Amino acid sequence: MIADAIQDPRPRPVDLAAALNASGIIGAWSWSPRDERCILDAGAADVLAGDSGLAGRPLPLSVAKACVHPEDRPAVVRQFKAVRARGGLFVAEYRTLSPSGQVRRILDRGRIPAGASSRRLGHGIIIDVTDASPPAAAAAEPADALTQAVDRALECREALEGVADTELQLLVDMLLLHLGRHIAKASTTGARGRGH
């Protein structure tokens with residue numbers, strides 16, 4: 001969908017490709033619940049699997065997530081499996097470790113359909129947040145308000161599935177991405193606070 005939106009010849013008030021590049025988007029993924037395989041684009045394959053040559057090939061989760069940092073891998077796989085079992089929003093922030101030893105912090109956000117036999121694909125994007133620094137004074141935000149916002153945005157995204165306007169779908173996806181990133185930062189900040 002992101003590629004469709006970028007390649008869409010309709011004039012836009014902003015340069016969407018530049019906006020996506022500036023936001024740190026590395027790549028995209030698709031998940032087939034029926035086949036239990038992940039398909040990565042070249043950017044995602046490079047960062048998550050360690051080999052951009054794997055792009056476009058159906059990969060088992062173990063290969064598609066091979067470069068997830070060893071310390072983060074169990075939690076990421078556990079979280080993905082939990083969402084895969086029930087369907088819904090998958091949002092995770094974790095580190096990757098490239099074959100050359102480069103560590104990056106990744107925000108992984110997508111949506112997985114419910115049901116292992118579903119013919120629908122799950123889709124998501126990964127964003128490099130390595131250089132993102134948390135706000136100096138993060139205000140405590142009610143988790144319930146963010147959860148409600150995510151629920152409403154997901155309802156909106158589902159309602160747009162039958163609409164042929166990829167720009168509307170992209171806008172809702174960007175809203176979900178921002179909400180997911182905010183929730184991830186809030187949970188990281190909360191975990192640090194509880195650890196002290």
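Rule-based calculations on the coordinates, nothing more; no lab input. Note that the structure is a prediction, hence the values are computed from the model and not measured. Neighbour counts run over all protein chains shown; Cβ positions are idealised from the backbone, glycine included.
Run the numbers on the stretch 17-72 and let me know its relative contact order in percent, using alpha-carbon pairs under 8 Å that are six or more apart.
On the way: 77 pairs, mean separation 15.0, N = 56.
Rounded, it is 27 percent for the stretch 17-72.
With the simple spin-label model, which puts each label point 7 Å out from Cα in the Cβ direction, the S23 to E167 separation comes to 1.5 nm. With R₀ set to 25 Å, the beta-carbon distance separating R152 from Q79 gives a calculated FRET efficiency near 0.65.
Residues in the stretch 77-94 near a label at A159, defined as backbone nitrogen under 20 Å from the 7 Å Cα→Cβ point? Under cut-off, by backbone N: 88-89.
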